[in-house]
Amino acid sequence: QEQLVESGGGLVQAGGSLRLSCAASGRTFSRYAMGWFRRAPGKEREYVAAISWSGGRTYYSDSVKGRFTISRDNAKNTVYLQMNSLKPEDTAVYYCAASPTTAQAMSVIKIDYWGQGTQVTVSS
């Protein structure tokens, strides 16, 4: 059974850092573009970042560009999201996702697999 499991969430003060991990199992996701999305309280799920299957191309939403870095290790079937300079508005449940489309075209409607989510809370 294919599965994505996120970890690394938690409570951090504004300006701090967290590193999220997404471990994939049940199949090889090395040919999938991978991404991170988030859902803040009372809001729709939104795109955060995406990475191509090779790891050579990365894309970010304007709200996190310059602060977050997405990466992947296909040998470990794991995707990461390094989050620096965190702000209270980054508070959300963060979801890992696998998409058969290109990383550039990733969106919430083009996802084959979702993780269960990990909570990130940034205090002011």
Mean Cβ count within 10 Å, highest first, over the residues of peptides 19-25, 108-114: 19-25, 108-114
Part-to-part distance (alpha-carbon centres) for segment 34-100 and segment 11-31, which is given in Å: 8
Rg and Dmax of the chain, Cα atoms, in Å? 13.3, 40
Within the accessible area of the chain, what % is carbon and sulfur when the probe is 1.4 Å and the other protein chains stay in place? 46
Note on segment 33-102: alpha-carbon gyration tensor, axes a ≥ b ≥ c; rule is a/c under 1.5 for rounded, else prolate if a/b larger than b/c, else oblate; result prolate
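Count neighbours as other Cβ atoms within 10 Å of each site's Cβ, and list the trypsin sites (Lys or Arg not before Pro) in segment 49-97 that are DSSP loop with at most 15 such neighbours. Before the final figure, lay out the partial values.
Values: sites: R57, K65, R67, R72, K76; in loops: R57, K65, R67, K76.
Filter output for segment 49-97: R57, K65, R67, K76.
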Have a look at S54, G16, Y95 and report the one farthest towards the positive end of the charge dipole of the chain, computed about the Cα centre with Cβ charges (Lys/Arg +1, Asp/Glu -1). S54
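Stretch S63-T101 to full length: gain in nm at 0.36 nm per residue minus the Cα-Cα span?
Numbers: separation 38, 0.36 × 38 = 13.68 nm, distance 2.25 nm.
Gain on stretching S63 to T101: 11.4 nm.
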Each label point is 7 Å from the Cα along the Cα-to-Cβ direction; what then is the distance between the points at K87 and D112, in nm? 3.5
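What's the longest uninterrupted piece of the chain once you rule out the GluC sites (Glu not before Pro) that are loop residues per DSSP with at most 12 other Cβ within 10 Å? Show your work: numbers first, answer last.
Working: sites that count: E2, E44.
Longest stretch, sites excluded: 45-124.
Scan segment 1-76 for chymotrypsin sites (Phe, Trp or Tyr not before Pro) in coil per DSSP, keeping those whose Cβ has at most 14 other Cβ atoms within 10 Å, and list them by number.
Numbers: sites: F29, Y32, W36, F37, Y47, W53, Y59, Y60, F68; in loops: F29, Y32, W53.
Answer by residue number: there is no such site.
Count the lysine pairs in the chain that are 8 or more places apart or on different chains: how many have C-alpha atoms under 25 angstrom apart?
Close lysine pairs under the 25 Å cut-off: 6.
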If the elastic network links every pair of Cα atoms under 10 Å, which of V93, V79, V48 fluctuates the most in the Gaussian network model of the chain? V93
Per-residue ³J(HN,Hα) for segment 71-88, Karplus 6.51 cos²θ - 1.76 cosθ + 1.60, θ = phi - 60°, Hz, x for Gly and Pro: 8, 8, 10, 5, 5, 9, 6, 9, 10, 10, 9, 8, 10, 10, 6, 5, 10, x
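The values are calculated or read from the model by the stated rules, or taken from the named source; none is laboratory data. In this text, all values refer to a predicted model and were calculated from it rather than measured experimentally. Backbone-built Cβ (ideal geometry, glycine too); neighbour counts: all protein chains shown. These accessible areas exclude ligands, DNA and RNA; they are computed on the full protein's heavy atoms, side chains included. Shrake-Rupley method; radii C 1.70, N 1.55, O 1.52, S 1.80 Å.
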